1. Within region 198-210, track down each residue that is over 19 Å from LYS123 (Cβ atoms) and part of a loop (DSSP other than H, G, I, E, B).
2. Spot the failing condition for ILE202; the list is (1) open to solvent by less than 10 Å² (accessible area, probe 1.4 Å); (2) free of Cβ contacts under 8 Å to residues at least 60 places away in the same chain, and only one is missed.
3. Return only the number of the condition from (1) open to solvent by 80 Å² or more (accessible area, probe 1.4 Å); (2) part of a loop (DSSP other than H, G, I, E, B); (3) charged (D, E, K, R) that GLU428 does not satisfy.
4. Restricting attention to region 315-333, and to residues there that are of a type in the set (Val, Ile, Thr) and under 18 Å from ASP379 (Cα atoms), which single residue is surrounded by the fewest Cβ atoms within 10 Å (Cβ to Cβ)?
5. State whether the residues of region 392-409 include one that is within 30 Å of THR258 (Cβ to Cβ), modelled with pLDDT of 90 or more, over 22 Å from the mean Cα position of the chain (by Cα) and in a helix (DSSP H, G or I).
6. If we scan region 219-235, do we find a residue that is modelled with pLDDT of 95 or more and within 30 Å of ALA196 (Cβ to Cβ)?
7. Could you list, in sequence order, all residues of region 214-258 that are in contact with a Gly (Cβ under 9 Å, 6 or more places away or on another chain) and either in a loop (DSSP other than H, G, I, E, B) or open to solvent by 50 Å² or more (accessible area, probe 1.4 Å) (or both)?
8. Enumerate the pairs (first residue in region 413-439 and in contact (Cβ under 8 Å) with a residue 24 or more places away in the chain; second residue anywhere and among the polar types (S, T, N, Q) and surrounded by 13 or more Cβ atoms within 10 Å (Cβ to Cβ)) with beta-carbon separation below 6 Å, excluding pairs fewer than 6 apart on the same chain, so at least 6 apart or on different chains.
Amino acid sequence: MAPFEPKPLFLHRRGIGTSYDEPIERPYGGYDVAWNAPEWDDSPDEKLRPLVVDLDGTLIASDLLIETAFSELGRRPQSLLDMCTALSKGKAALKHRLAEPCEFDPSTLPYDPEVLAIIRQAKEDGRPVYLASASHRRLVEAVADHIGLFTGWFASNETTNLAGVMKAQKLVEIFGERGFDYIGNDAADLPVWEKAAKAIAIRAPAGVMRRLAKGTTEVECLPCSRPTWRTWAKMLRVHQYAKNALVFAPLLTAHLFTAGAVIEAIMAFIAFSLCASSIYILNDLVDLQDDRSHRTKCNRPLASGAVPLLHGVMAIPVLFLGAIAIASAVSLPFLGVLLGYFALTTAYTFALKRMMLLDVITLAGLYSVRVLGGAVALDIAVSKWLLAFSMMIFMSLALIKRFVELAARRDADLPDPTSRDYKNGDLEMVAALAAAAGFNAVTIFALYISSTSVNTLYTRPEILWLVGPLLMYWIARALMLANRRQMDDDPVVFALKDRISLATIGTAAVLFFAAV
């Protein structure tokens, strides 16, 4: 669906009771904007009145400017300077810069079923339906072609940002004031709603709805789901906070059970949790398109549109600053560890996760940083045995995670992943490395029990030998379940839901306390 070149637009008013068309010339205007608007009949029948639909936040529960920005940063973090340069020339220039290189698949976008139903009904009634968006013409045209229901479309180009008043002027110029119905979602649509015969709103904030209700335009509000606290908890990955319990490991292994130490460890846990949530959101924003193509990740709040992307963007600094404040209250050395954790996770999000094996080594390192953070928060020496054990066991879990992802692709006959530096043929090697790392952790644990240092902490260290078989059983079982395709994407989350895993962990904890 190619747009016309900028030139005078000829509309046609069909004569009532006649068989001829009376041409009416309306000048294109003093600005250049991408558009595709075939011949329109200016009919007096309101049932045939054109329906104009906004894109971002309306037809789709997403924002293409935010999507393309984070997608570009994910591929080329150094492009941030280019984006700032483009933004200095205006928002339209930024959208043009982001739209040109992006690999855009409109089929994966979270389309709103209510809006799609209205569009289909309008087409069945014989009404012309137009897509009018402030997004770049390349993206808008792709969406329009994918949906296949639009009579034409309007969009921004390199020099003009078709939003707010600019969009209202263009629609009035073409359809006339009160000559169209308009579906929108936020404050930027208020100027357009003022010129529409009927204003249809979806996902509009309460303040916008109050301002809209004060006008003279007929208003209709479409039903939509709002994010709940459960949705936010899912986006923040609250269920992943269990991983941050590793900050308590130094407290337990050092047998430091004072009230002050417990409070410091709890504060460290909260700081790591808030920091991790900020990174989870950042990672979801970067991986939006990949997540939507994934069998389970497509249900994540940002990918599915359950939480607006702008809300996710705003949550990142709030969570990170909260983590910084709590870490500063613990100690400056602990703040340094937390900042190192944030830097490493950011590097993982933008680069390391696309590097074969470096990604799993980084994940294992991030778990070890949590252990180190717990020791620094308590101002105690971290056990080298503990760091070595955690590095190996979490290396194994990270490799199991990759195994599950590759196995799912192979079973679905999908091509090699583009977002990871692995091939489907690596599946057996990844499984072997996972087993090797897991049983290396068992070896390290056995060497620790055999060392003289264990006698200073445990009165009955021989009981700890019973933990070894439990550990071997759990690792071997995890590998077997992954091979049988009965393992979730994240083995840590699986362990927290699996009864046998919980029983194994509980038994090991009892043995540790019995050995004290």
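1. Step one: of region 198-210, the residues over 19 Å from LYS123 (Cβ atoms) are 199, 201, 203-210.
Within region 198-210, ARG203, ALA204, PRO205 meet the criteria.
2. Every condition holds for ILE202 apart from (2).
3. Of the numbered conditions (1) open to solvent by 80 Å² or more (accessible area, probe 1.4 Å); (2) part of a loop (DSSP other than H, G, I, E, B); (3) charged (D, E, K, R), the odd one out for GLU428 is (2).
4. The first filter runs over region 315-333 and keeps only residues of a type in the set (Val, Ile, Thr), leaving 316, 318, 324, 326, 330.
Imposing the further condition that a residue be under 18 Å from ASP379 (Cα atoms) reduces the set to 326, 330.
On the way: ILE326: 21, VAL330: 24.
Applying the filter and picking the extreme gives ILE326.
5. If we filter region 392-409 for residues that are within 30 Å of THR258 (Cβ to Cβ), which is where we start, we get 393-394.
Subset that is modelled with pLDDT of 90 or more: 393-394.
After this cut, where a residue has to be over 22 Å from the mean Cα position of the chain (by Cα) as well, the list is 393-394.
Of the ones still in play, those that are also in a helix (DSSP H, G or I) are 393-394.
Yes: region 392-409 contains one or more residues that are within 30 Å of THR258 (Cβ to Cβ), modelled with pLDDT of 90 or more, over 22 Å from the mean Cα position of the chain (by Cα) and in a helix (DSSP H, G or I).
6. no
7. Result: PHE248, single match.
8. Pairs that qualify, where the first residue is in contact (Cβ under 8 Å) with a residue 24 or more places away in the chain and the partner is among the polar types (S, T, N, Q) and surrounded by 13 or more Cβ atoms within 10 Å (Cβ to Cβ), are ALA434/SER396; ALA437/SER396; GLY438/SER396.
The values are calculated or read from the model by the stated rules, or taken from the named source; none is laboratory data. Here the structure is a predicted model, which means the values were calculated and not measured. When we count neighbours, we look across all protein chains shown, and the Cβ atoms used for this are built from the backbone with ideal geometry, even at glycine. Side chains are part of the model used for accessible areas, which takes the heavy atoms of the whole protein and leaves out ligands, DNA and RNA. Shrake-Rupley method; radii C 1.70, N 1.55, O 1.52, S 1.80 Å.
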